[in-house]
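Here the structure comes first, spelled out in C-alpha cells, and everything after it is commentary.
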Amino acid sequence: QKDGFRFFMEKEIYEQSDVVSDCMIGRLKDKEINFDEIDSSILEGIKEIKICACGTSFHAAITSSYLFERLSKIKCNVEVASEFRYKDPLLTKDTLFVVISQSGETADTLEALKMAKKAGLKSLVICNVNNSSMTRLADYTILTRAGIEKGVASTKAFSTQTVVLWMLSLYFAKIKGSIDEQTLQKELKALREVPKTLIVESKLHEKCRRLSKRYLHGHGFFFIGRDVFYPLALEGALKLKEISYLHAEGYPAGEMKHGPIALADPELFTIALMPENMLYDKIKSNVEELSARDSTICTISPLDFELSDDFIKTQKLEHYMLEFFEMLVVLQLLSMEISIRLGNDVDMPRNLAKSVTVE
Ligand code: M6R
C-alpha cells in the first residue's frame, strides 16, 4: 500500500499536507482555536509547563517551548524523558505536565507520565494513537490525527505534533489573555496556510534528489538554525542519522563558535536553515564564519546567499512557522534521497524499531 511511492517514508512525507488539514478540523475556527478535548480549566492554578518526550517528539517539544513562552507567556521547559526519570525531579502542582508521543507507548515517556501522575500533577498527552498506554493514563488527550505511520523515521507525526502544539499555544494565549487580537488573527492566518506549505513541489523534490549525490561522504554534517529552527536542525540531523548512517549533529547556529567551528573544513557539511522571518542577519553571520573556515555549505533559504556551495531556494512566506514547515519537508526529502542513493532500507533502518517499549 505504498500507492506508487518507493517507500512508506516518501508516502508519509507527501501525506503531510492532508493530515495536517485533518488535524485542524474543528480546532482551527474562523476567528479562534478550540479543542473539544480540553477547556480553560486545564490552566487553573498552572504557572508552568513541563514537557517530556523522546526522539522526534522531543524536537516537537523544544519547538513548542518557544511558542508557549512567546505566545502564551507561560514558562515552559522540556526534558528528554530518559533523563527526567532518574534525576529526582522537583515536581510542583502548579505545573502542567505534557508528554508527546507518536505511539503513546515509549517506555521512558510513559514512565515520566506515571511519575507526574504520582506527584499529583495535571497531565496532558499529545499522541497519535488513541487508546494507547499514555492516552489511558493522562488526564487530557489531544490526538494528532496523523494516521498510521509506518516508516521508522517519523515524518507526518512530527508535523502534526508541531501544528497541534502551535494551536495549543494560541489557545492558552487566548485563555490567559496574553495575546492581542491582531497578533492572534495573524497567527491563525498563518496556521491556515500550513497545509499548502506542506505540499511537496516536484521541482523541490527533484532539487533534493539531485543534490543528494554530493552529500554521501565527508566527515559529517552540522545542521544549524536559530530559535525554532534549532530544534528543526536537530530533527534534520536525526532524520539523516537514522536512515543514512552518516554522522550528523544539530546545533544552535550561535553556538558553533564555542567549539564545533574547530571542525570546519571542506569535508564538513553545514546545512544552514536561513529563514527570512527569524533572525536572518544573525544566522547569516554564523554561516559566514563557517564559510570563512572553508566548510562546505548548503543553505536552505528564500534569500540568495552568495557564500553557499549549494542552495535550496524555498518560497517567500510571511510567517517564520510557515518557513519552518517548508524547510522540514526539504530536510525530510534530502535525508531520504541520500539514504536511497546509499542503498539503505529507508523504512526499516538497521538497529531501530518503530516503537521503543523497553528502557
Ligand atoms: O512514539 P514516540 O513519539 O514516543 O517515539 C519517540 C522516538 O522513539 C521516535 O520519535 C524516534 O526518534 C523516531 N525514529 C524518529 O524518527
Q.
Can you give the log10 of the normalised intensity I(q)/I(0) at q = 0.10, 0.11 Å⁻¹, computed with Debye over equal Cα scatterers of the range 213-329?
A. -0.24, -0.30
Q.
Between Gly55, Gly45, Gly225, where does the largest GNM mean-square fluctuation fall for the chain, given springs only between Cα atoms within less than 10 Å?
A. Gly45
Q. Stretch Ile148-Asp39 to full length: gain in nm at 0.36 nm per residue minus the Cα-Cα span?
A. 36.5 nm
(Q) Which one, Ile199, Ala146, Phe158, is farthest towards the positive end of the dipole of the range 44-202 when Lys and Arg carry +1 and Asp and Glu -1 on their Cβ? (A) Ala146
Q. Any idea what Rg and Dmax come out to for the chain if you just take the C-alpha atoms, in Å?
A. 19.7, 55
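One-quarter of the Cα convex hull surface for the range 40-175, in nm²? Before the final figure, lay out the partial values.
On the way: hull surface 28.7 nm².
If you wrap the Cα atoms of the range 40-175 in a convex hull and average its projections, you get 7.2 nm².
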Q: Can you tell me the 0 to 90 degree angle between the C-alpha axis of helix 280-292 and the longest principal axis of the chain, rounded to 10?
A: 40 degrees
Q: Using amide H atoms built 1.01 Å from N in the peptide plane, name the residues 5+ places from Leu268, or on other chains, whose amide H lies under 5 Å from its own.
A: His219, Thr296
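Using a simple charge model, +1 on the beta-carbon of Lys and Arg, -1 on the beta-carbon of Asp and Glu, nothing else, what dipole does the range 224-359 show about its Cα centre, in debye to the nearest 20?
Values: 12 positive and 23 negative charges, 51 e Å.
Dipole of the range 224-359, to the nearest 20 debye: 240 debye.
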**Q.** Convex hull volume of the range 148-199 per residue (C-alpha atoms, cubic angstrom)
**A.** 82 Å³
Q: Evaluate the Debye formula for the range 280-359 with equal point scatterers sitting on the alpha carbons, no solvent, and hand back log10 of I(q)/I(0) at q = 0.19 Å⁻¹, in q order, two decimals.
A: -0.94
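Calculate the FRET efficiency for Glu32 and Asp139 from the Cβ-Cβ distance with a Förster distance of 22 Å, rounded to the nearest 0.05.
On the way: r = 23 Å, r/R0 = 1.06.
With a Förster radius of 22 Å, E is 0.40.
Please compute the length gained on full extension between Glu69 and Lys87, using 0.36 nm multiplied by the number of residues separating them and subtracting their Cα-Cα distance. All intermediate terms of the calculation are to be shown ahead of the outcome.
On the way: separation 18, 0.36 × 18 = 6.48 nm, distance 2.44 nm.
My answer for the length gained is 4.0 nm.
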Q: Return one number: the angle in degrees, 0 to 90 and rounded to the nearest 10, between the long axis of the Cα atoms of helix 202-212 and the longest principal axis of the Cα atoms of the chain.
A: 60 degrees
**Q.** For the range 257-308, fraction of C-alpha pairs farther apart than 14 Å, in %
**A.** 46 percent
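Evaluate the charge dipole of the chain about its Cα centre and quote only its size in Debye, nearest 20, assuming +1 on the Cβ of each Lys and Arg and -1 on the Cβ of each Asp and Glu.
Details: 46 positive and 52 negative charges, 99 e Å.
With only Lys, Arg, Asp and Glu charged at Cβ, the dipole is about 480 debye.
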Q) For the range 31-100, what percent of Cα pairs sit more than 21 Å apart? A) 28 percent
Q. Amide H to amide H under 5 Å from Thr357: which residues, 5+ apart in sequence or cross-chain, H placed 1.01 Å off N in plane?
A. Ala107
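Every number here is computed from the coordinates shown, using simple stated rules; none is lab data. Bear in mind that the values here come from a model prediction, so they are computed numbers and not experimental data. Methodologically, a virtual Cβ is constructed for each residue, glycine included, from the backbone with ideal geometry; neighbour enumeration extends over all protein chains shown.
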